[in-house]
Amino acid sequence: MTLNQVINRLEALALSHKQINHFFFGEIVDWLANGDLRYPCCFVEINKSTISKEDKQIKYNFDVWHLDLVNVDVLTDNNQVDVMSDLTSVAGDYLAMLNFSDYQDDFTIETNYDLEYFREKFEDLTIAVRTNVTIGIDYLSDRCAVPASGVIFEPGLPYDPSIQIVDNIVYNYIYNGKGTEGNNITINALINKTILMLYKGDKLMVPITSSPGVNDYIFNNVTGKITFAYEIEDGQILQIIYR
């Protein structure tokens with residue numbers, strides 16, 4: 001699972017809640033100041049995160065903000081407490097959705113969460129509840145998991161094909177999904193070639209000849225076309241080892 005996929009899930013869960021009208025990932029202060037918001041809102045900021053070889057995880061740390069406007073016509077302590085209470089319930093719902101058992105195959109989530117409350121912190125007359133969430137995804141840190149031999153690893157830009165081939169033993173092709181391809185891509189470099197391994201994200205895909213499932217793909221070496229069961233997502237990384 002990639003960071004992009006984690007953020008997409010955070011957004012989908014937030015907007016599925018009937019009390020959330022707006023979601024944004026980024027710098028919360030900048031977006032609260034733009035005046036184009038539909039409350040109640042959910043904002044997510046990413047903080048300093050870690051890669052742990054010991055735990056074999058990349059651990060992303062997020063601040064999750066839930067905000068709503070205070071009714072200025074009844075601007076009393078009781079009104080503010082009512083909004084704080086509602087937002088606390090929404091934050092609890094959100095954490096419950098993140099802890100849904102079906103997601104635990106994709107990531108882990110820490111089980112204790114701090115809650116902080118803010119009154120009139122931003123330009124709008126808002127109440128805010130902030131909770132901190134750490135989500136971990138698999139990180140094997142395993143050189144053997146990189147399906148290549150006879151190669152030299154050199155620094156490169158993120159997701160660039162920075163593996164240099166020695167003696168043309170194997171080729172390493174990195175493809176960054178755009179989200180507009182549908183469920184297939186055509187790569188001319190693969191014409192009349194043999195795919196040795198294909199990774200979609202961190203998942204090793206299986207070649208078949210028809211009706212691919214979620215973990216399968218079809219490859220036509222005459223055209224260089226690869227077909228999956230589902231659409232290629234924006235930011236989806238494909239690693240193709242071929243010769």
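If the chain between A229 and I51 were fully stretched, how many nm would it gain, using 0.36 nm times the residue separation less the Cα-Cα distance? This chain segment gains 61.0 nm when fully extended.
Peptides 180-192, 84-96 ranked from most to least packed give 84-96, 180-192, packing being the mean of other C-beta atoms within 10 angstrom over each peptide's residues. Maximal additional length on extending the T186-M97 stretch stands at 28.3 nm, based on 0.36 nm per residue less the C-alpha distance.
A simple spin-label model places pseudo-atoms 7 Å from Cα toward Cβ; at D216 and I109 they are separated by 3.2 nm.
Backbone phi angles across region 216-221, fed through the Karplus curve with coefficients 6.51, -1.76 and 1.60 (θ = phi - 60°), yield HN-Hα couplings of 10, 8, 10, 10, 10, 6 Hz in residue order; Gly and Pro are listed as x.
FRET efficiency for E11 and L196, Cβ-Cβ distance as r, R0 = 35 Å, nearest 0.05?
Working: r = 36 Å, r/R0 = 1.01.
That pair, E11 with L196, gives E of 0.50.
With contacts taken as Cα pairs under 8 Å and at least 6 residues apart, region 3-138 reaches a relative contact order of 25 percent.
Quote the Stokes-Einstein diffusion coefficient, in whole µm² s⁻¹, for region 3-138, based on the Kirkwood radius over alpha carbon pairs, a temperature of 37 °C and a viscosity of 0.692 mPa s.
Details: Rh = 15.6 Å.
Approximately 210 µm²/s, per Stokes-Einstein.
Each value in this text was obtained by applying a stated rule to the coordinates, not by laboratory testing. Small disclaimer: the values here were computed from a predicted structure and weren't measured. In this analysis, Cβ positions are derived from the backbone assuming ideal geometry, glycine residues included, and neighbour counts consider all displayed protein chains.
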